[in-house]
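A short worksheet on the structure shown next.
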(Lines give C-alpha, C1' and ligand atoms only; values in the text may rest on other atoms or scores of the structure.)
Protein backbone atom coordinates (compact mmCIF):
# COMPACT_ATOMS: atom_id res chain seq x y z
CA UNK A 1 0.00 0.00 0.00
CA UNK A 2 1.36 3.41 -0.98
CA UNK A 3 2.17 5.67 1.94
CA UNK A 4 -0.11 8.67 2.45
CA UNK A 5 1.18 11.16 -0.12
CA UNK A 6 -0.25 14.61 -0.82
CA UNK A 7 1.11 16.43 -3.88
CA UNK A 8 1.29 20.20 -4.39
CA UNK A 9 1.84 21.39 -7.97
CA UNK A 10 3.44 24.82 -8.45
CA UNK A 11 2.44 26.14 -11.87
CA UNK A 12 5.11 28.85 -11.90
CA UNK A 13 7.99 26.35 -11.83
CA UNK A 14 6.23 23.07 -12.72
CA UNK A 15 7.47 21.69 -9.41
CA UNK A 16 5.66 19.08 -7.35
CA UNK A 17 6.20 19.19 -3.59
CA UNK A 18 5.04 16.36 -1.36
CA UNK A 19 3.82 15.73 2.16
CA UNK A 20 4.30 12.07 3.12
CA UNK A 21 2.55 11.14 6.35
CA UNK A 22 2.35 8.17 8.66
CA UNK A 23 -1.31 7.47 9.54
CA UNK A 24 -0.32 5.72 12.76
CA UNK A 25 1.61 8.61 14.32
CA UNK A 26 0.62 11.63 12.16
CA UNK A 27 4.31 12.39 11.65
CA UNK A 28 5.24 13.60 8.18
CA UNK A 29 8.08 14.47 5.82
CA UNK A 30 7.86 17.44 3.46
CA UNK A 31 9.81 17.10 0.23
CA UNK A 32 11.07 19.71 -2.29
CA UNK A 33 9.22 22.86 -1.25
CA UNK A 34 8.91 26.04 -3.33
CA UNK A 35 9.54 29.66 -2.34
CA UNK A 36 7.65 31.99 -4.67
CA UNK A 37 9.96 34.39 -6.51
CA UNK A 38 8.96 37.28 -8.75
CA UNK A 39 12.03 37.59 -10.95
CA UNK A 40 11.10 40.94 -12.50
CA UNK A 41 10.58 42.62 -9.12
CA UNK A 42 13.06 40.62 -7.06
CA UNK A 43 10.34 39.83 -4.52
CA UNK A 44 9.78 36.63 -2.62
CA UNK A 45 6.56 35.38 -1.04
CA UNK A 46 5.35 32.29 0.75
CA UNK A 47 2.01 31.46 -0.86
CA UNK A 48 3.07 27.99 -2.04
CA UNK A 49 4.67 27.15 1.30
CA UNK A 50 1.65 28.46 3.19
CA UNK A 51 -0.56 26.05 1.26
CA UNK A 52 1.53 23.16 2.54
CA UNK A 53 1.56 24.57 6.07
CA UNK A 54 -2.22 24.89 6.02
CA UNK A 55 -2.59 21.28 4.85
CA UNK A 56 -0.28 19.97 7.57
CA UNK A 57 -2.27 21.88 10.17
CA UNK A 58 -5.66 20.80 8.84
CA UNK A 59 -4.63 17.14 8.95
CA UNK A 60 -3.20 17.36 12.45
CA UNK A 61 0.26 16.35 11.20
CA UNK A 62 3.62 16.95 12.83
CA UNK A 63 6.58 17.69 10.56
CA UNK A 64 9.50 15.42 11.36
CA UNK A 65 11.55 16.11 8.22
CA UNK A 66 11.87 18.84 5.61
CA UNK A 67 14.04 17.25 2.92
CA UNK A 68 15.48 18.09 -0.48
CA UNK A 69 16.22 15.66 -3.29
CA UNK A 70 18.99 17.97 -4.53
CA UNK A 71 20.06 21.60 -4.96
CA UNK A 72 17.37 22.76 -7.36
CA UNK A 73 18.26 25.02 -10.29
CA UNK A 74 14.71 25.90 -11.31
CA UNK A 75 13.05 27.05 -8.10
CA UNK A 76 13.96 28.49 -4.73
CA UNK A 77 13.44 26.27 -1.70
CA UNK A 78 11.09 27.28 1.11
CA UNK A 79 12.60 24.73 3.51
CA UNK A 80 13.76 27.20 6.22
CA UNK A 81 10.37 28.93 6.24
CA UNK A 82 8.58 25.57 6.50
CA UNK A 83 10.92 24.50 9.29
CA UNK A 84 10.35 27.76 11.16
CA UNK A 85 6.58 27.30 11.02
CA UNK A 86 6.31 23.54 11.47
CA UNK A 87 9.59 22.28 12.90
CA UNK A 88 11.38 19.20 11.63
CA UNK A 89 14.94 18.54 10.55
CA UNK A 90 16.29 19.85 7.27
CA UNK A 91 18.05 17.20 5.18
CA UNK A 92 19.88 16.85 1.86
CA UNK A 93 22.59 14.69 0.30
CA UNK A 94 26.13 14.79 1.68
CA UNK A 95 27.47 15.91 -1.69
CA UNK A 96 25.87 19.31 -1.12
CA UNK A 97 29.43 20.24 -0.17
CA UNK A 98 30.55 19.62 -3.76
CA UNK A 99 27.82 21.91 -5.05
CA UNK A 100 28.68 24.54 -2.44
CA UNK A 101 32.34 24.48 -3.41
CA UNK A 102 31.61 24.91 -7.13
CA UNK A 103 28.92 27.55 -6.86
CA UNK A 104 30.49 29.36 -3.93
CA UNK A 105 33.14 30.33 -6.47
CA UNK A 106 30.61 31.10 -9.22
CA UNK A 107 28.83 33.58 -6.94
CA UNK A 108 32.03 34.79 -5.26
CA UNK A 109 30.39 34.05 -1.92
CA UNK A 110 33.56 34.66 0.07
CA UNK A 111 34.93 32.93 3.12
CA UNK A 112 31.85 33.72 5.21
CA UNK A 113 29.88 31.18 3.18
CA UNK A 114 30.32 27.79 4.81
CA UNK A 115 30.94 25.00 2.31
CA UNK A 116 30.53 22.12 4.77
CA UNK A 117 26.77 21.55 4.57
CA UNK A 118 26.29 23.05 8.03
CA UNK A 119 23.17 24.88 6.80
CA UNK A 120 21.39 21.52 7.05
CA UNK A 121 20.55 19.31 10.01
CA UNK A 122 21.23 16.02 8.22
CA UNK A 123 23.55 15.14 5.34
CA UNK A 124 22.41 11.82 3.91
CA UNK A 125 24.67 9.22 2.33
CA UNK A 126 23.82 6.27 0.12
CA UNK A 127 22.24 3.54 2.21
CA UNK A 128 21.30 5.74 5.14
CA UNK A 129 18.00 5.01 6.84
CA UNK A 130 15.63 7.15 8.87
CA UNK A 131 12.01 7.06 9.98
CA UNK A 132 8.92 9.16 9.40
CA UNK A 133 6.84 8.22 12.39
CA UNK A 134 6.74 4.43 12.18
CA UNK A 135 7.49 4.39 8.46
CA UNK A 136 10.87 3.19 7.30
CA UNK A 137 12.79 5.40 4.86
CA UNK A 138 16.05 4.83 3.03
CA UNK A 139 18.36 6.87 0.84
CA UNK A 140 19.66 6.04 -2.63
CA UNK A 141 22.40 8.30 -3.99
CA UNK A 142 21.36 8.96 -7.60
CA UNK A 143 23.87 11.43 -9.09
CA UNK A 144 23.99 12.50 -12.71
CA UNK A 145 21.71 15.52 -12.85
CA UNK A 146 23.80 16.94 -10.01
CA UNK A 147 26.40 15.23 -7.78
CA UNK A 148 24.15 15.62 -4.72
CA UNK A 149 20.93 14.07 -6.07
CA UNK A 150 19.13 11.58 -3.83
CA UNK A 151 16.12 9.33 -4.21
CA UNK A 152 14.13 8.75 -1.03
CA UNK A 153 12.33 5.43 -0.58
CA UNK A 154 9.63 5.82 2.08
CA UNK A 155 7.88 2.51 2.59
CA UNK A 156 6.75 1.63 -0.96
CA UNK A 157 7.02 5.10 -2.50
CA UNK A 158 10.08 6.71 -4.09
CA UNK A 159 10.73 10.41 -4.55
CA UNK A 160 13.22 10.75 -7.37
CA UNK A 161 13.70 14.51 -7.68
CA UNK A 162 14.94 15.37 -11.17
CA UNK A 163 16.65 12.03 -11.83
CA UNK A 164 13.72 10.73 -13.84
CA UNK A 165 10.50 12.27 -15.11
CA UNK A 166 7.22 10.76 -16.30
CA UNK A 167 7.78 7.98 -18.87
CA UNK A 168 6.66 10.14 -21.79
CA UNK A 169 9.04 12.95 -20.81
CA UNK A 170 12.18 10.97 -20.05
CA UNK A 171 15.15 12.07 -17.97
CA UNK A 172 16.88 15.12 -16.55
CA UNK A 173 19.65 17.15 -18.11
CA UNK A 174 23.22 16.38 -17.07
CA UNK A 175 25.17 19.44 -18.19
CA UNK A 176 25.33 21.34 -14.90
CA UNK A 177 28.71 21.39 -13.11
CA UNK A 178 29.32 17.93 -11.68
CA UNK A 179 26.65 16.36 -13.87
CA UNK A 180 27.21 13.17 -15.86
CA UNK A 181 24.97 11.35 -18.33
CA UNK A 182 26.66 8.05 -17.59
CA UNK A 183 26.14 8.51 -13.85
CA UNK A 184 22.49 9.39 -14.44
CA UNK A 185 21.99 6.21 -16.45
CA UNK A 186 23.54 4.14 -13.68
CA UNK A 187 21.42 5.92 -11.08
CA UNK A 188 18.25 5.11 -12.99
CA UNK A 189 19.28 1.47 -13.16
CA UNK A 190 19.46 1.43 -9.36
CA UNK A 191 15.89 2.72 -9.21
CA UNK A 192 14.90 0.03 -11.73
CA UNK A 193 16.18 -2.62 -9.31
CA UNK A 194 13.24 -1.84 -7.00
CA UNK A 195 10.07 -3.96 -7.30
CA UNK A 196 8.00 -3.09 -10.38
CA UNK A 197 5.01 -1.97 -8.30
CA UNK A 198 7.06 0.57 -6.34
CA UNK A 199 5.48 4.01 -6.77
CA UNK A 200 7.59 6.80 -8.25
CA UNK A 201 6.79 10.44 -7.53
CA UNK A 202 8.68 12.91 -9.74
CA UNK A 203 9.67 16.48 -8.87
CA UNK A 204 8.68 18.18 -12.13
CA UNK A 205 6.28 17.71 -15.00
CA UNK A 206 5.99 19.76 -18.19
CA UNK A 207 3.28 17.78 -20.03
CA UNK A 208 4.84 15.79 -22.82
CA UNK A 209 3.49 16.43 -26.33
CA UNK A 210 0.09 14.83 -26.72
CA UNK A 211 -0.68 14.75 -23.00
CA UNK A 212 -3.39 17.12 -21.74
CA UNK A 213 -2.89 16.87 -18.00
CA UNK A 214 0.05 17.29 -15.66
CA UNK A 215 1.12 14.06 -13.99
CA UNK A 216 3.66 13.06 -11.37
CA UNK A 217 2.98 9.50 -10.23
CA UNK A 218 4.16 6.38 -12.02
CA UNK A 219 5.79 3.03 -11.11
CA UNK A 220 9.14 1.38 -11.53
CA UNK A 221 7.61 -1.16 -13.90
CA UNK A 222 6.04 1.50 -16.10
CA UNK A 223 9.31 3.43 -16.26
CA UNK A 224 11.30 0.32 -17.21
CA UNK A 225 8.95 -0.43 -20.09
CA UNK A 226 7.95 3.00 -21.36
CA UNK A 227 10.44 5.73 -20.41
CA UNK A 228 11.37 7.34 -23.72
CA UNK A 229 15.00 7.87 -22.70
CA UNK A 230 15.96 4.97 -20.44
CA UNK A 231 13.19 2.40 -20.80
CA UNK A 232 13.12 -0.77 -22.87
CA UNK A 233 16.68 -1.76 -22.05
CA UNK A 234 18.36 1.09 -23.94
CA UNK A 235 22.17 0.67 -23.62
CA UNK A 236 24.25 3.21 -21.73
CA UNK A 237 26.16 4.33 -24.84
CA UNK A 238 22.96 5.21 -26.66
CA UNK A 239 21.57 7.09 -23.67
CA UNK A 240 24.76 9.08 -23.11
CA UNK A 241 24.91 10.10 -26.78
CA UNK A 242 21.26 11.19 -26.76
CA UNK A 243 21.55 13.03 -23.45
CA UNK A 244 24.73 14.93 -24.30
CA UNK A 245 23.47 15.98 -27.74
CA UNK A 246 20.15 17.07 -26.26
CA UNK A 247 21.74 18.98 -23.38
CA UNK A 248 24.02 20.90 -25.75
CA UNK A 249 20.94 22.52 -27.25
CA UNK A 250 19.29 23.54 -23.98
CA UNK A 251 19.37 27.03 -22.49
CA UNK A 252 19.86 27.58 -18.78
CA UNK A 253 16.75 27.41 -16.54
CA UNK A 254 15.36 30.90 -16.11
CA UNK A 255 15.69 30.80 -12.32
CA UNK A 256 19.07 29.08 -12.06
CA UNK A 257 20.96 32.13 -10.79
CA UNK A 258 18.65 33.05 -7.92
CA UNK A 259 17.82 29.42 -7.17
CA UNK A 260 21.27 27.97 -6.68
CA UNK A 261 22.70 30.80 -4.60
CA UNK A 262 19.70 30.47 -2.27
CA UNK A 263 19.44 26.67 -2.28
CA UNK A 264 23.15 26.12 -1.65
CA UNK A 265 22.50 28.01 1.59
CA UNK A 266 19.72 25.63 2.56
CA UNK A 267 17.02 27.90 1.16
CA UNK A 268 18.25 31.05 2.88
CA UNK A 269 18.95 34.35 1.15
CA UNK A 270 22.50 35.71 1.21
CA UNK A 271 23.28 37.72 4.34
CA UNK A 272 22.38 41.39 4.43
CA UNK A 273 25.03 43.83 3.25
CA UNK A 274 26.14 46.96 5.10
CA UNK A 275 23.00 48.86 4.06
CA UNK A 276 20.80 46.25 5.73
CA UNK A 277 19.44 44.84 2.44
CA UNK A 278 19.87 41.40 0.93
CA UNK A 279 21.03 40.98 -2.65
CA UNK A 280 21.12 38.19 -5.21
CA UNK A 281 24.08 38.23 -7.59
CA UNK A 282 23.94 37.82 -11.36
CA UNK A 283 27.39 36.61 -12.42
CA UNK A 284 28.11 37.44 -16.05
CA UNK A 285 29.31 34.79 -18.53
CA UNK A 286 29.84 32.13 -15.83
CA UNK A 287 27.23 29.57 -16.91
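Have a look at 127, 161, 117 and point out the one that is crowded, with 20+ Cβ neighbours inside 10 Å, free of Cβ contacts under 8 Å to residues at least 40 places away in the same chain and at positive phi. Spell out the reasoning first.
Working: 127 fails: crowded, with 20+ Cβ neighbours inside 10 Å; 161 fails: free of Cβ contacts under 8 Å to residues at least 40 places away in the same chain.
Step by step, each of 127, 161, 117 is checked, and only 117 is crowded, with 20+ Cβ neighbours inside 10 Å, free of Cβ contacts under 8 Å to residues at least 40 places away in the same chain and at positive phi.
Just to verify a result, which residue in region 165-177, among those that are touching a helix residue (DSSP H, G or I) at 6+ places or on another chain (Cβ under 6 Å) and under 18 Å from residue 245 (Cα atoms), is modelled with the lowest pLDDT? Reasoning before the result, please.
As a first pass, look at region 165-177 and keep what is touching a helix residue (DSSP H, G or I) at 6+ places or on another chain (Cβ under 6 Å): 167, 173-175, 177.
Pick out the ones that are also under 18 Å from residue 245 (Cα atoms) and you get 173-175, 177.
On the way: 173: 95, 174: 96, 175: 94, 177: 88.
Filtering first and then ranking leaves 177.
Being in contact (Cβ under 8 Å) with a residue 60 or more places away in the chain, part of a loop (DSSP other than H, G, I, E, B) and within 12 Å of residue 29 (Cβ to Cβ) is the filter here, so list the residues in region 54-104 that pass it.
Listed by number, the residues that qualify are 68, 69.
If you scan region 197-234, which residues turn out to be touching a helix residue (DSSP H, G or I) at 6+ places or on another chain (Cβ under 9 Å) and free of Cβ contacts under 8 Å to residues at least 12 places away in the same chain?
Within region 197-234, 232, 233, 234 qualify.
Which ones in region 7-43 are in a strand (DSSP E or B), free of Cβ contacts under 8 Å to residues at least 60 places away in the same chain and farther than 18 Å from residue 90 by Cα? It would help to see each step written out before you state the result.
So in region 7-43, the residues in a strand (DSSP E or B) come out as 7-10, 15-21, 27-31, 35-38, 43.
From what is left, the residues that are free of Cβ contacts under 8 Å to residues at least 60 places away in the same chain are 8, 17, 19, 30, 36, 38, 43.
If the condition is that a residue be in a strand (DSSP E or B), free of Cβ contacts under 8 Å to residues at least 60 places away in the same chain and farther than 18 Å from residue 90 by Cα, then 8, 36, 38, 43 are the ones that fit.
Could you pull out the residue among 240, 236, 230 that is farther than 19 Å from residue 15 by Cα and crowded, with 19+ Cβ neighbours inside 10 Å?
Values: 240 fails: crowded, with 19+ Cβ neighbours inside 10 Å; 236 fails: crowded, with 19+ Cβ neighbours inside 10 Å.
Result of the check over 240, 236, 230: 230.
If a residue has to be out of contact with any helix residue (DSSP H, G or I) (no Cβ under 9 Å at 6 or more places or on another chain), loosely packed, with under 15 Cβ neighbours inside 10 Å and on the phi < 0 side of the Ramachandran plot to count, how many in region 102-114 make the cut?
Final tally of qualifying residues: 3.
Which condition number does residue 140 fail, the rest of (1) assigned to a strand (DSSP E or B); (2) over 28 Å from residue 243 (Cβ atoms); (3) in contact with a strand residue (DSSP E or B) (Cβ under 6 Å, 6 or more places away or on another chain) being met?
(2)
With the condition kept exactly as written, say whether any residue in region 169-184 is buried (at least 20 other Cβ atoms within 10 Å of the Cβ) and over 30 Å from residue 105 (Cβ atoms).
Within region 169-184, one or more residues are buried (at least 20 other Cβ atoms within 10 Å of the Cβ) and over 30 Å from residue 105 (Cβ atoms).
The values are calculated or read from the model by the stated rules, or taken from the named source; none is laboratory data. Computed from a prediction, not measured in an experiment: that's the story for all the values here. Here the Cβ is made from the backbone with ideal geometry for all residues, glycine too, and neighbour counts use every protein chain on show.
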